[in-house]
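Contents: one structure, followed by commentary.
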Amino acid sequence: MYVVSVENVCKEYQLGEQLVHAVDDISLSVEPGVFLAISGPSGSGKTSLLNLIGCIDRPTSGKIFINEQSVSGMSDNQLAALRLKSIGFIFQTFNLLPVLSASENVEYPLLQRTDLTAAERQERVDHFLDVVGLSGRKKNRPNQLSGGQRQRVAIARALAGSPSIVLADEPTANLDKHTGVSILQLMKKINEEMKTTFIFSTHDPRVVALADRLVKVEDGKVQALGIRRSGEWLLSHRQTN
C-alpha cells in the first residue's frame, strides 16, 4: 500500500509566450510512515510537486492517488473533503490567523468536520498542543509567540485532523538555526511515534539529514531517488532527456 502514488504527472504553466514545465513526467510512490524530503534548488519544481500531492493544484496530465484513491475527476468540494481528513499542511510562513489564539488556530480547520463534536474537537486541540509542548500557551495569539512556537502551533493544527500525510513546504526557512533544528527534531519524533507520513519540500540539508527517503528534483524532473540504509544513502539515478 502507498499513501501517495504519482504516475507520469506533468504540470505546465503559460508564462507570457513561454510554456513552463514545472513538473515534467514525474512518477513516484510513498509508503506509509516515511520521512521524505523532496530536495532541489529554487525553481526545480519541488513546491509544485508538493502542491499536486496536496491536491491544492491539479496536474496538466498524469494521475495522482491518495491512500490508493484516484483524485482525477474529483470536484473542488471532493478535493477539499479529502484534504480535510487525509492531508495536513505546514507552511514556512505559518499561516496562522492573527486574531485567534493558539487553541483556536488549531481548532479552526476542525470546525468543518461534521463528524466531530465540540468536545472531541477540544480534546484533539488539547492533545496536540501538548504533543508540541505548548499546553501553557493555548490562549496566546500568534503575535505573543516566537517563530518556533508559531510553527509548533502550525504542526499541532496539521496533526489535529489525524491525517495520514503531513506536507511541509520549507518549514524551517523563516526560523533561526537552533529553532529550525528543534522543530525538525519534533517532527521526526512525531513521525516515529505516530507513524504519520511526512513529505517535505526543502533545500535545507538538515531536513535531508533526518529523512529516510529522498527525491531529488531539477528542472521539473526526478534526478534521483534515495533510501537510507544503515545511515547511508542508496541512490538510484533517473535517466533524463
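Subtracting the Cα-Cα distance of residue 27 and residue 111 from 0.36 nm times their residue separation leaves 26.8 nm of extension gain.
Remark: the residue 123-residue 227 segment gains 33.8 nm on full extension, using 0.36 nm per residue and subtracting the alpha carbon distance.
Before rounding to the nearest 500, sum -39500 (n - 2.57) across all DSSP H runs of length at least 4 in the chain and divide by the residue total; then give [θ] at 222 nm in deg cm²/dmol. Don't skip to the end; give the middle numbers.
On the way: 7 runs with 77 residues, N = 241.
Calculated at 222 nm, the ellipticity per residue is -9500 deg cm²/dmol.
Derived scalar couplings between HN and Hα for the stretch 145-158 equal 10, 6, x, x, 5, 5, 5, 5, 4, 5, 5, 4, 4, 5 Hz in order, rounded to whole Hz, by the Karplus curve 6.51 cos²θ - 1.76 cosθ + 1.60 (θ = phi - 60°), x for Gly and Pro.
Around the amide H of residue 88, modelled in the peptide plane, lie the amide H atoms of 165, 166, 167, all under 5 Å away and 5 or more residues distant in sequence or on another chain. Extension gain, residue 95 to residue 8, is 28.2 nm, computed as 0.36 nm per intervening residue step minus the present C-alpha separation.
Assigning unit charges at the beta carbon (Lys, Arg +1; Asp, Glu -1) and nothing else, what dipole magnitude in debye, to the nearest 20, does the stretch 123-221 show about its Cα centre?
Details: 16 positive and 12 negative charges, 65 e Å.
Once rounded to the nearest 20, the dipole reads 320 debye.
Positive end of the dipole of the chain (Cβ unit charges, origin at the Cα centre): among 90, 70, 40, the Cα lying farthest that way belongs to 90. Along the stretch 170-177 the Karplus relation, 6.51 cos²θ - 1.76 cosθ + 1.60 evaluated at θ = phi - 60°, assigns HN-Hα couplings of 6, x, 9, 4, 9, 10, 5, 4 Hz to successive residues, with x for each Gly and Pro. Exceedance of the 21 Å cut-off in Cα-Cα distance is limited, within the set 11/221; 11/216; 138/188; 11/63, to 138/188.
Springs between Cα atoms under 10 Å define the GNM used for the chain, and in it the highest mean-square fluctuation of 28, 167, 159 occurs at 28.
Could you give the dipole magnitude of the chain about its Cα centre, charging the beta-carbon of Lys and Arg +1 and that of Asp and Glu -1, in debye to the nearest 20? Mind showing how you got there, number by number?
On the way: 27 positive and 26 negative charges, 124 e Å.
The dipole magnitude comes to about 600 debye.
Residues whose amide H lies under 5 Å from that of residue 201, counting only those 5 or more places away or on a different chain, are 38, 168, 169, 170; hydrogens are built 1.01 Å from N in the peptide plane. Taken over the chain, the convex hull of the Cα atoms encloses 140 Å³ per residue. In sequence order, the stretch 83-92 has phi-based couplings of 4, 4, 9, 10, 10, x, 10, 10, 10, 5 Hz under the Karplus curve 6.51 cos²θ - 1.76 cosθ + 1.60, θ = phi - 60°, and Gly or Pro positions carry x.
Projecting label points 7 angstrom from Cα along Cα→Cβ for residue 203 and residue 219 puts them 1.7 nm apart.
Bear in mind that the values in this text are calculations on the coordinates, not laboratory data. Values in this document were obtained by computation on a predicted structure and should not be read as measured data. Cβ sites come from the backbone with ideal geometry, for glycine too, and all protein chains shown count toward neighbours.
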